[in-house]
1. Select from the stretch 48-64 the residues that are of a type outside the set (A, V, I, L, M, F, W, C) and surrounded by fewer than 14 Cβ atoms within 10 Å (Cβ to Cβ) and list them in ascending order.
2. Residue pairs, Cβ under 7 Å, 6 or more apart or interchain, first in the stretch 60-83 and within 15 Å of CYS50 (Cβ to Cβ), second among the charged types (D, E, K, R) and not in a helix (DSSP H, G or I). List them.
3. SER66 is checked against (1) among the small types (Gly, Ala, Ser); (2) closer than 17 Å to ARG93 by Cβ; (3) in contact with a Gly (Cβ under 8 Å, 6 or more places away or on another chain) and fails just one. What number does that condition carry?
4. What are the residue pairs meeting all of these: first residue in the stretch 10-35, first residue of a type in the set (Asp, Glu) and surrounded by 13 or more Cβ atoms within 10 Å (Cβ to Cβ), second residue modelled with pLDDT of 75 or more and not in a loop (DSSP other than H, G, I, E, B), Cβ atoms under 8 Å, and 6 or more apart or on different chains?
5. Step by step: first the residues of the stretch 56-97, then only those that are in contact with a Cys (Cβ under 8 Å, 6 or more places away or on another chain) and among the aromatic types (Phe, Trp, Tyr), then the one that is farthest from LYS125 (Cα to Cα). Which residue is that?
6. Need the failing condition index for LEU61 against (1) farther than 24 Å from GLY39 by Cα; (2) at pLDDT below 95; (3) touching a Ser or Thr at 6+ places or on another chain (Cβ under 8 Å), just the number.
7. It is to be established whether one or more residues within the stretch 82-94 are within 14 Å of the chain's Cα centre (by Cα), of a type in the set (S, T, N, Q), surrounded by 21 or more Cβ atoms within 10 Å (Cβ to Cβ) and part of a helix (DSSP H, G or I).
8. Give the stretch 95-126 a look and list any residue that's in a strand (DSSP E or B) and of a type in the set (Ser, Thr, Tyr), or say none.
Amino acid sequence: MAHSDIIYTPDPDADSISSDVAEYNGILVSTQIPVQADGSLELGDITTQCECTLQALKVALERAGSSMDRVLHLTIYLTDMADRAAFNEVYQRFFKKPWPVRAAVGVASLAFEGMRVEVTAMAAKG
């Protein structure tokens, strides 16, 4: 998955699933919530919400001429930081090394009652 226009500087921790820095040429910013392919909001368990959110991100990026392997940064919003492990398990099915730079943020609530995850991503175009 090497791209000459994207440079990742890995985190020195061998177990880390995040790069420290990503350099890129152009960006796309997209915010996604847990929606099914038909557009309905998914308010099931955290794993299902994470899968729907990252699948929605994948679709949005592809429509914009980008892809998951061109994601440089994710901000992950969780209403319960105990859900971070479940998010990480799903995340590792959607992303591979070099890992995007990322941050997880605990929030009191999101836009819809029962919604437990939301992501904002920046990706290189092309």
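The values are calculated or read from the model by the stated rules, or taken from the named source; none is laboratory data. Since we're looking at a predicted model, the values are computed, not measured. Neighbour counts are summed over all protein chains in view; Cβ atoms, including those assigned to glycine, are modelled from backbone coordinates with ideal geometry.
1. Matches in the stretch 48-64: GLU62, ARG63.
2. LEU74/ARG102; ILE76/ARG102; TYR77/GLU118; LEU78/ARG116; THR79/ARG116; ASP80/ARG116; ASP83/ARG116
3. Of (1) among the small types (Gly, Ala, Ser); (2) closer than 17 Å to ARG93 by Cβ; (3) in contact with a Gly (Cβ under 8 Å, 6 or more places away or on another chain), only one is false for SER66: (2).
4. Once the first residue is of a type in the set (Asp, Glu) and surrounded by 13 or more Cβ atoms within 10 Å (Cβ to Cβ) and sits in the stretch 10-35, its partners that are modelled with pLDDT of 75 or more and not in a loop (DSSP other than H, G, I, E, B) give ASP20/PRO10; ASP20/VAL101.
5. It comes out as PHE87.
6. Condition (1) is where LEU61 drops out.
7. no
8. Correct list: THR120 only.
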